[in-house]
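Just passing along the structure, written as structure tokens.
The values are calculated or read from the model by the stated rules, or taken from the named source; none is laboratory data. This is a predicted model, so every value here is computed, not measured. With ideal geometry, Cβ positions are generated from the backbone for all residues, glycine too; neighbour counts draw on all protein chains shown. With ligands, DNA and RNA removed, areas are computed over all heavy atoms of the protein, side chains included. Shrake-Rupley method; radii C 1.70, N 1.55, O 1.52, S 1.80 Å.
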Amino acid sequence: MRDLIDLWVNVQAWLFETLVSQVLFHFGLMAWYEPGYSAVEFVMLGLVQIAVIAIGMRFFERRWPLEKSGEDDRLIMVDRVYTVLNKLGIVPLAIFILTYPVVQEIELTVRTWGYMPPRLERLLPWIGDNDLLSFLVYFVLYDFAAYWLHRGQHAFGWWWALHSLHHSQRRMTVWTDDRNHVFDDLIVTLALVLFSQFVGVQPGEYVVILMVGRLIESWSHANVDMSFGWLGERLLVGPRFHRLHHALSTPTERHIQDHNFAPVFPIWDILFGTAIYDEKHRPTGVDDATADRDNGRGWIAQQVTVFGRFVRALVPKLSRRASAR
Amino acid sequence: MNRLSFAALALSLVVGGTARADSVIILNSEEASYSILSRSTRTEVVRLPVGREPHHLILSPDGKEVLIGSTATNELLSLDIKTGERKRVVKDILDPYHLGFSPDGKWFVTAAYRLDHVDIYHADGFKLAGRIFIDGLPSHMAFDAESKTVFVTLQQSGRLAAFDLATQALKWNVPVGNAPAGVVMLPDDKRLLVALTGEDNIVVVDAKDGAVKSSLQTGKGAHNFWPKGDGRHYFLSNRVEGTVSLIETKDEPKVVGTVRIPGGPDCMDITPDGKELWVTQRFLRRVAIVDIETLKLVASIPVGKSPHGVFMLKSTATVAGAPVRAASTAGERR
């Protein structure tokens, strides 16, 4: 294990010292010196995630596909673009630059008031003795926050206008998870980073939680009819469980997408009455012609049109004027 | 694993008193933990939890405890100087990034790097005497010999500020170069050395008014100092260059030796026998050991993530007679 850590750290340090730090130094950007080192790790982790998805998860999709290849296959390409932009840190970097001053300002103000993150180890010291247990506890807390944010994405019209981009995909695959509007990503990231800081998640833990969580979420969008078994499906979100959340609503199941919200741990859906367990195969997508037209558009066109949708939802007057014309 | 290691440490402490003076503390800043290493076996003996984002640590004036600044929890954690075990927590010390006691032991100063202020406390009881808000990321500090003035580098604004300890008033605040970090007062009590992390040099500054007298090229990312102990030589870590320079300061400072230390070398300390320099390698999650006589890297020990502060645990007898130095560690940005 130590050899593996050494290999990882050596590659990260080499990339940083020979390339990134020299650039930062040259342009007088030493304020970004430490964040720059973390950014290198983020990109490396992104490459690992892409490899796991492209090689590992795709193997199962090819071997045991739920939906066979068809004309909708062309809709998948744009999702791959989303995944690469996200996993290699291009979108996260933009979000980081935008959210960092806000997060800093809030954190500093609150700390000046005397608030300190209530690390769980203070209340339950034995958690600190076990790294895995500590990680799991914070992971569960993080997922709890993500569950409620996800419910918010479905509950508010303006937020749904953004989030509907994620749901408009008719051809769900392991690439679908990253298909989100940048502004939607920004809101969710800002909320989760603040939540993590206030409950006391360490920066190192946050990166691992993010990586493991997003991999599980990529898998839960896979085009396979697989589950972890009766018990497993109640412990961890799998493709069958999450596919129901993406199901196309019908007259008999008008609010089907208001179920199975949990990103990683289904316990939240079970506790809050939003879980549905069945084995029906449903088509996926949205029953809204406007949102459905996201399919077939490229990354930029999707970002622009969905932002327009968001603005109209936020300011209904604009929507009325547009329809009057 | 931690419990097992702790048991091993406890056993070693019981078996012989020599073990007490044989340990080194390393602060793993991104892991909220500190490692206790054995100098003789050059291994990590145990890793224990400590607050959040610990960066620097310092010996108390009475030489009985080591104080770790836990920056994100606004507190100091005190460790027993002999065993490294946790003794007490001093609360309500805001963002204690860099720490220092004045040479007379009466004042305790913290540089709140994130919150942009310098706090001056009465060391006895840690009662706040004054909080001075100042823009520019206050990062490192040094004191004059008479314990009248504390000098603080402002990493973002490229300045060095001097504060009167008794009145907590700003004496001067002058530009010195790009991203100043480590600062040390030379034995003549007239000149300060300031490391410029945004450049490849250090500057010599007049302690009276902050005037820059001269500069000396050392290596990219000149960052922090540690005294060799002979009153003449200082070690300097160059973070971007990945080297440690040995600087002679009797007359005009000059570089008399350099050793390559990969991994963003940062804080340093010297073994009590004066033979080894220990340097944290932030990016490699290791601590390097340099043979001081030959200036060669002889070992590198794995520790936790982003190791920052380093401190040699010594027996009380060894420590009590030693001078109290401002800021036991040389730090970098978080």
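Looking at segment B:21-56, which of its residues are on the phi > 0 side of the Ramachandran plot and at pLDDT below 90?
B:Ala32, B:Gly51, B:Glu53
Which residues, taken from segment A:56-84, are open to solvent by less than 60 Å² (accessible area, probe 1.4 Å), over 18 Å from A:Arg240 (Cα atoms) and not in a helix (DSSP H, G or I)?
If the condition is that a residue be open to solvent by less than 60 Å² (accessible area, probe 1.4 Å), over 18 Å from A:Arg240 (Cα atoms) and not in a helix (DSSP H, G or I), then A:Gly70 is the only one that fits.
Moving on to the next point. Filter segment B:73-99 for residues that are open to solvent by less than 10 Å² (accessible area, probe 1.4 Å) and charged (D, E, K, R); which is farthest from B:Gly182 (Cα to Cα)?
Ranking the qualifying residues of segment B:73-99, first place goes to B:Glu75.
Also, quick follow-up: Residues of segment B:192-214 being in contact (Cβ under 8 Å) with a residue 24 or more places away in the chain and not in a loop (DSSP other than H, G, I, E, B), which ones? Before the answer, list the steps.
If we filter segment B:192-214 for residues that are in contact (Cβ under 8 Å) with a residue 24 or more places away in the chain, which is where we start, we get B:192-198, B:200-205, B:207, B:209-212, B:214.
Residues satisfying the conditions are B:Leu192, B:Leu193, B:Val194, B:Ala195, B:Leu196, B:Asn201, B:Ile202, B:Val203, B:Val204, B:Val205, B:Val212, B:Ser214.
For segment A:256-276, which positions are within 20 Å of A:Leu66 (Cβ to Cβ) and part of a helix (DSSP H, G or I)?
The answer is A:Ile256, A:Gln257.
Report, ordered by the first and then the second residue, all pairs with beta carbons closer than 7 Å, sequence separation of six or more or different chains, a first member in segment A:296-313 that is free of Cβ contacts under 8 Å to residues at least 60 places away in the same chain, and a second member that is exposed (fewer than 15 other Cβ atoms within 10 Å of the Cβ).
A:Val311/A:Leu318
Just give me the residues in segment B:196-217 being of a type outside the set (A, V, I, L, M) and either within 12 Å of B:Ala179 (Cα to Cα) or within 14 Å of chain A (Cβ to nearest Cβ) (or both), in sequence order.
Result: B:Thr197, B:Gly198, B:Glu199, B:Asp200, B:Asn201.
Go through the residues of segment B:76-92 one by one and say whether even a single one is in contact (Cβ under 8 Å) with a residue 40 or more places away in the chain, among the acidic types (Asp, Glu) and not in a loop (DSSP other than H, G, I, E, B).
No, there is no match, as no residue in segment B:76-92 is in contact (Cβ under 8 Å) with a residue 40 or more places away in the chain, among the acidic types (Asp, Glu) and not in a loop (DSSP other than H, G, I, E, B).
Tell me which residues, restricted to segment B:76-95, are within 12 Å of chain A (Cβ to nearest Cβ) and either under 14 Å from the mean Cα position of the chain (by Cα) or modelled with pLDDT under 90 (or both).
B:Arg86, B:Lys91, B:Asp92, B:Leu94, B:Asp95
Which of the helices (runs of 4 or more DSSP H) contained wholly in segment A:143-255 include at least 3 residues that are crowded, with 17+ Cβ neighbours inside 10 Å?
Where helices (runs of 4 or more DSSP H) fall fully within segment A:143-255 and carry at least 3 residues being crowded, with 17+ Cβ neighbours inside 10 Å, they are A:157-167, A:182-199, A:203-220, A:239-245.
Here's something else I'd like to know. Determine, yes or no, whether B:Ser70 is open to solvent by less than 10 Å² (accessible area, probe 1.4 Å) and either under 26 Å from B:Leu160 (Cβ atoms) or among the acidic types (Asp, Glu) (or both).
Numbers: open to solvent by less than 10 Å² (accessible area, probe 1.4 Å): yes; either under 26 Å from B:Leu160 (Cβ atoms) or among the acidic types (Asp, Glu) (or both): no.
So B:Ser70 fails the test.
For segment A:280-295, what are the residues that are among the charged types (D, E, K, R), assigned to a loop (DSSP other than H, G, I, E, B), touching a residue at least 40 places away in the same chain (Cβ under 8 Å) and closer than 21 Å to A:Asn223 by Cβ?
A:Asp294
Based on this model, can you work out whether A:Ala51 counts as more than 8 Å from chain B (Cβ to nearest Cβ), of a type in the set (Gly, Ala, Ser) and surrounded by fewer than 17 Cβ atoms within 10 Å (Cβ to Cβ)?
On the way: more than 8 Å from chain B (Cβ to nearest Cβ): yes; of a type in the set (Gly, Ala, Ser): yes; surrounded by fewer than 17 Cβ atoms within 10 Å (Cβ to Cβ): yes.
Yes: the conditions hold for A:Ala51.
Of the residues B:Asp104, B:Asp119, only one is open to solvent by 50 Å² or more (accessible area, probe 1.4 Å) and of a type in the set (Asp, Glu); which?
The unique qualifying residue is B:Asp104.
Which members of segment B:159-178 meet the condition of being assigned to a loop (DSSP other than H, G, I, E, B) and open to solvent by less than 10 Å² (accessible area, probe 1.4 Å)? It would help to see each step written out before you state the result.
Within segment B:159-178, the subset assigned to a loop (DSSP other than H, G, I, E, B) is B:165-169, B:176-178.
Matches in segment B:159-178: B:Leu165 only.
So A:Phe25 passes all but one of these: (1) within 14 Å of chain B (Cβ to nearest Cβ); (2) free of Cβ contacts under 8 Å to residues at least 12 places away in the same chain; (3) open to solvent by 40 Å² or more (accessible area, probe 1.4 Å); (4) of a type in the set (Phe, Trp, Tyr). Which condition number does it fail?
(3)
Strands (runs of 3 or more DSSP E) wholly in segment B:229-318 with at least 3 residues that are within 14 Å of chain A (Cβ to nearest Cβ) and more than 24 Å from B:Leu216 (Cβ to Cβ) - which ones?
On the way: elements: B:233-238, B:243-248, B:254-260, B:265-270, B:276-281, B:286-291, B:296-302, B:307-312.
The strands (runs of 3 or more DSSP E) meeting that bar are B:296-302.
Here are the criteria: (1) at pLDDT below 95; (2) at negative phi. Tell me which single one A:Gly229 does not satisfy.
Evaluating A:Gly229 over (1) at pLDDT below 95; (2) at negative phi leaves (2) as the failure.
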